[in-house]
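Coordinate-derived values only; no laboratory data. Small disclaimer: the values here were computed from a predicted structure and weren't measured. Using ideal geometry, Cβ is built from the backbone for each residue, glycine included, and neighbour counts are taken over all protein chains shown.
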Amino acid sequence: MKADIETENAVKDLLDRYTKAYAAKDLDKMMSLFPDDPDFVFIGTGEDEWVQGYEDLKKGFKRDFKQADEIDVGFENLLISSSQNVVWASMRMMMNAVVSGEEVIMVGRLSIVAEKRDNEWFIVHLHFSLPASGQEEGDSYPVDLYF
């Protein structure tokens, strides 16, 4: 069900705090957006970026911040749905980073699940993916990868 305006604004605020903390490489502010839960899952684009739990997430953000000189993140096409104290949202995510002096641009898809706990929203699941290379528009499978 589509989220009401109050919930939608709260999620937009959560995402705004995410982008600002990520760009500032502010580990404490980033971690404040996530619960200290062992079953939290964060899935990134790298083969090893299946992160479970608060401490592993912290290590992942430290790695991100160390490897990039600059980071900027933005969202578009935001769709937010909710039921009681749970929200799920899908969007396009643009990430621009400077890594070893080179600009890296990633345009992908982001989905999150957030939960309201004690009147505050926390991201409890996040999945960022990139389109498969070799999969042409209109194709359902990246056949160039397999044949």
Can you find, among 88, 110, 135, the residue farthest towards the positive end of the dipole of the chain? Put +1 on the C-beta of Lys and Arg, -1 on that of Asp and Glu.
-> 88
In whole Hz, what ³J(HN,Hα) sequence does segment 23-37 give by Karplus (6.51, -1.76, 1.60; θ = phi - 60°), x for Gly and Pro?
-> 5, 7, 6, 8, 4, 4, 5, 4, 5, 5, 8, 10, x, 7, 10
5 angstrom amide H check on residue 37, placed H, neighbours 5+ away | 54
Of (i) 25, 21, 15; (ii) 37, 18, 17; (iii) 27, 16, 15, which is the value of semi-axes √(5λ) of the Cα gyration tensor in Å derived from the coordinates here?
-> (i)
For the chain, set up a Gaussian network in which alpha carbons nearer than 10 Å are linked by springs, and say which option among 113, 99, 51 fluctuates the most.
-> 99
Ellipticity estimate at 222 nm from DSSP helix runs (n ≥ 4, -39,500 (n - 2.57)) divided over the chain, nearest 500 = -8500 deg cm²/dmol
For the chain, with a Gaussian network of springs between Cα atoms less than 10 Å apart, report the residue from 97, 21, 132 with the top mean-square fluctuation.
-> 132
Calculate the spin-label point distance for residue 28 paired with residue 129, positioning each point 7 Å from the Cα along the beta-carbon direction, and give it in nanometres.
-> 3.7 nm
Please give the contour-minus-distance gain from residue 83 to residue 107: 0.36 nm per residue of separation, less the Cα-Cα distance, rounded to one decimal in nm.
-> 5.8 nm
Based on alpha-carbon positions alone, could you give the equivalent ellipsoid semi-axes of segment 100-147 from the gyration tensor, as √(5λ), descending, whole Å?
-> 33, 18, 8
May I ask you to sort 14, 79, 57, 27 by Cβ crowding, counting other Cβ atoms within 10 Å and putting the fewest first?
-> 79, 27, 14, 57
Under a point spin-label approximation (7 Å from Cα along Cα-to-Cβ), what is the residue 2-residue 141 distance to one decimal in nm?
-> 3.7 nm
Mind sorting 118, 64 by how few other Cβ atoms lie within 10 Å of their own Cβ, fewest first?
-> 118, 64
Could you give the dipole magnitude of segment 2-147 about its Cα centre, charging the beta-carbon of Lys and Arg +1 and that of Asp and Glu -1, in debye to the nearest 20?
-> 300 debye
Whole-Hz Karplus ³J(HN,Hα) for segment 103-113, in order, using 6.51 cos²θ - 1.76 cosθ + 1.60 and θ = phi - 60°, x for Gly and Pro?
-> 7, 10, 10, 10, 10, x, 10, 10, 10, 9, 10
